[in-house]
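Scroll down for the structure; my scribbles are underneath it.
Throughout, read-outs are computed from the coordinates displayed, never taken from laboratory work. Fair warning: this is a prediction, and the values are worked out from it, not measured in the lab. Ideal geometry is used to build each Cβ from the backbone, glycine not excepted, and the neighbour counts take in all protein chains shown.
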Amino acid sequence: MEELLLRHGRLSRPVATRRLRVVAVALRSRPSSSLAVPVFPPATAPAPAPALEHVLPSPHVAADAAAVLLEAGVRPEDLRRAAGMCPELMSVPVETITAALRFLTDEAGVPTEELPRVLRRRPRLLVSSAAARLRPTLYFLRALGVPDLHRRADLLSFSVEDKLLPRIEFLESLGLPSPAARSMARRFPALFYYGIDGNMRPKAEYLLGVMGRDADELFDFPEYFSYALDTRIATRHEACAARGVRMPLPTMLRPGEPKFEDCLAGCVGSTPPRRRSPLWHAYWVDGDGAGVGAVVEKAKRDDAIVASYRHVHY
């Protein structure tokens with residue numbers, strides 16, 4: 001088996017052929033059957049045994065699992081990294097891996113050519129049960145309305161009960177109605193990656209307490225949670241407070257340091273444009289070069305979202 005994998009690591013094959021093979025292998029596999037390792041033509045010259053360390057992780061991933069990952073397009077040098085990120089790869093049944101691959105392509109809609117990127121980013125997908133974890137999470141995210149799930153397949157390894165719902169419930173605990181909290185997660189799914197106690201709670205407390213703002217601003221700008229509290233949020237709030245300026249959150253946090261300083265200098269002794277004004281979007285949020293027509297339409301869409309939210313909940 002080691003010699004087979006070693007040869008495969010040295011073998012040059014057309015990318016398209018290799019990708020079609022992994023789909024065929026996944027579709028032929030069944031949970032009750034064992035996967036036969038494909039037979040490859042012999043290499044022209046056998047490689048020395050020590051080179052095996054460049055193909056298999058150490059400690060070694062199970063040979064069948066390694067063969068399936070290689071067929072899926074995972075580069076040999078990425079196998080060691082995958083085992084380090086997800087040690088279960090060393091012992092999980094190969095049927096679990098093939099079932100996960102089949103689920104990602106057939107149900108989640110991940111293109112075959114995108115599998116290596118998805119697996120490199122989130123190898124835990126390979127050891128997650130399709131029935132107990134991947135499928136329920138997929139259905140939950142679809143019901144939530146998260147778009148382009150095939151591009152966010154790494155979310156599928158998250159537990160609905162332990163990971164996804166607690167983030168939405170935390171937003172509700174800030175005073176946001178349930179539809180508003182779900183809207184935030186739908187528009188900014190990165191919220192599901194952030195820890196509650198280590199990330200979201202300290203930032204929310206800072207905004208509601210020190211900054212004296214309300215949760216409605218989080219509804220308008222859920223990306224607030226993506227910025228560092230100490231080096232971005234707090235420092236810019238303190239700079240604004242020292243000059244008596246109150247900026248909208250996107251204006252305060254999105255620009256780079258030079259543009260932020262220019263905006264801050266321009267605000268002293270003046271009032272920023274109203275949020276629904278195209279000027280606010282063109283200069284304060286979207287940056288230079290935004291067409292007036294585009295920013296007007298964007299302003300209208302944003303206002304429609306906010307108006308709908310307030311009509312339902314107030």
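Using bins 5 angstrom wide from zero, how does P(r) for region 77-210 break down, in % of all Cα pairs?
2, 10, 18, 21, 17, 13, 10, 6, 3, 1, 0
Based on the mean of other beta carbon atoms within 10 Å per residue, what is the order of 63-69, 216-222, most packed first? Don't skip to the end; give the middle numbers.
Details: 63-69: 23.4, 216-222: 19.6.
Taking the mean over residues of other Cβ atoms within 10 Å, the ranking is 63-69, 216-222.
How much length is gained on full extension from R213 to Y139, taking 0.36 nm per residue of separation minus their Cα-Cα distance? Can you show the working numbers first?
Details: separation 74, 0.36 × 74 = 26.64 nm, distance 3.49 nm.
23.2 nm is the gain from fully extending R213 to Y139.
Using per-residue counts of other Cβ atoms within 10 Å, averaged over each peptide, order 150-158, 171-179 from highest down.
Packing order, densest peptide first, comes out as 150-158, 171-179.
Cβ under 9 Å from C267's Cβ, C267 left aside: what net charge do those residues give with Lys, Arg +1 and Asp, Glu -1?
Working: positive: R243, R246; negative: none.
So the environment of C267 carries a net charge of +2.
Going by average Cβ density within 10 Å per residue, which order do the peptides 88-98, 196-206 take, highest to lowest?
Numbers: 88-98: 18.0, 196-206: 14.8.
Packing proxy ranking, top to bottom: 88-98, 196-206.
Determine the principal axes of the Cα atoms in region 63-155, then give the extent along each, sorted from largest to smallest and rounded to whole angstroms.
Taking the Cα atoms of region 63-155, the three principal extents are 38, 24, 21 Å.
I need two numbers for region 129-268: Rg to one decimal and Dmax as a whole number, Cα atoms only, in Å.
Cα-based Rg and Dmax for region 129-268 come out at 16.9, 58 Å.
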